[in-house]
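Structure first, then comments.
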Amino acid sequence: GTFGVTLFDRRADVMKTKLAAILTLIVLMTAWILPASAATYARETLLIDNADLLTDDEEQRLLADIVDFIEATDCHLAILTDTVRYDYYTTPAVLDLLSAKDLVLLTVSYTGGQYYYYLYTYGKANSRLSDHDVNVILDADAVYDNLKGGNIYEGLEAFISKTENRTRAFALKFEYLPAILLVSLVAAAICCGIVVARYKMKLKPTNYP
């Protein structure tokens, strides 16, 4: 009888340790699921119109769209217009001003009477937007025709919308992963509790009359 109780105590201690570890993981998973504050990302929002292609009202409306993008995707977005043409080998100096690691940056250049645009992606944004996604965004009629035709506001508005859709499409693939893991951990904790309860009943001393 003494051996049985001692064995039960050891097994119960092991079960309690495992249960405590699982509960800790549940707490961490819950914290992971909670969304980050949108204000954190809004401070990094940037729109620089060096080429003066936008009116003040258009800039304000685009900034509102960028904030919406940041809140919806958890990635930063910046737009730069300039009279200097940028490409893969010529990156804008404005990048030095950005502290965001997860960034989508669109440059629109007006030089020699022509409009050119180029897309840069960094960090999380780089993994969420594949080369195919980038081509779909930049080649979309609403983006290409407007930016090449000088309808900059309309082109940028379409760009933000299509980039958000593509970025969110990637994120949605993993949206329910934390919830699934959380449910699995809760189920595991319940199973451990059942096992402990069964050990208690099995090793409980028999009462004789």
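The table below lists the values:
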{"item": "Identity of the residue in the stretch 112-130, open to solvent by less than 70 Å² (accessible area, probe 1.4 Å) and in contact with a Lys or Arg (Cβ under 7 Å, 6 or more places away or on another chain), that ends up modelled with the lowest pLDDT", "result": "123"}
{"item": "Residue count for the stretch 77-102, restricted to those that are at pLDDT below 85 and touching a Gly at 6+ places or on another chain (Cβ under 9 Å)", "result": "3"}
{"item": "The stretch 20-74, residues that are among the polar types (S, T, N, Q) and either surrounded by 13 or more Cβ atoms within 10 Å (Cβ to Cβ) or modelled with pLDDT of 90 or more (or both)", "result": "45, 50, 55, 60, 73"}
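The values are calculated or read from the model by the stated rules, or taken from the named source; none is laboratory data. Worth saying up front: this structure is predicted, and the values here are computed from it rather than measured. Note that we place each Cβ from the backbone using ideal geometry, even for glycine, and neighbour counts take in every protein chain shown. For the accessible areas, the whole protein counts, side chains as well, though only heavy atoms, and no ligand, DNA or RNA atoms are used. Shrake-Rupley method; radii C 1.70, N 1.55, O 1.52, S 1.80 Å.
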